[in-house]
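Notes follow the structure.
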């Protein structure tokens, strides 16, 4: 950290113990729920034949992103908050400080990729089989991971890129990544919003076409109707993706604004610390959204719960014998 920042922090007292331990406890809770929810989701998708579709590779990638955040960011932050010290050395201080923005941006880019995939499937459904192949989906996922790693990671491959702050009880960057972050955030946001606007304009116009044709008593085949009107299943997919997108923005942007306004000057450290766990609530909520908004996933989760219950009952019966 530069000398000016150290001087600014020197006169500020660390946050109260109860504040850091409360924030650390919430981080632990979020990490555990994120691990349980996302591991269960991945198991359900891989174990259910109806869910083993190429498009669900995006959702699995999002779950992997949330798992990485729980394992390598939330759990480490919780340890630092509760013990009020950094125990993992300088190298992981840099890695930890780098992982949070990378994983947040990866989530955004994967969501943007899903939106483009939905746009092609709905608006250009005739060309969709050629454009949304396993190869293109794999390349989109790889690109969504590699690009943030390069653009954000390059700012941390220097000595002293991060330093532990005894006031905020976490690692802080010493180099600005503002330009890279703006580019990495604005592009997927524009992609998602544009894709959804075009999709809903297309759906609106298609429904009007269907209504006009029906007024003229022209019959439509089921295949023609499915191509012109958004199905209930497709609508649920769109709603799930957009909800995930909104939660990613809601958990990342407000905290980033707080950091830029107050965090760099050491102001309101209690508020900053208590708001930090909210950055990781998306990993808890995403599996819940998948279940609530997708009947197939919901039914698969019910089957998983029944199977676990049966195994537990069988184990108890054997032990009683």
Criterion violated by residue 146 - all others in (1) crowded, with 18+ Cβ neighbours inside 10 Å; (2) under 18 Å from residue 61 (Cβ atoms); (3) within 18 Å of the chain's Cα centre (by Cα) satisfied: (1)
Taking into account only those residues within region 180-199 that are touching a helix residue (DSSP H, G or I) at 6+ places or on another chain (Cβ under 9 Å) and surrounded by fewer than 16 Cβ atoms within 10 Å (Cβ to Cβ), which is modelled with the lowest pLDDT? 183
Among the candidates 137, 120, 157, which residue alone is farther than 21 Å from residue 71 by Cα, without any contact (Cβ under 8 Å) to a residue 40 or more places away in the chain and surrounded by 16 or more Cβ atoms within 10 Å (Cβ to Cβ)? 120
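The values are calculated or read from the model by the stated rules, or taken from the named source; none is laboratory data. Remember, it's a predicted structure, so these values are computed and weren't measured experimentally. Because the Cβ atoms are built from the backbone with ideal geometry, glycine has one as well, and the counts that use them run over all protein chains shown.
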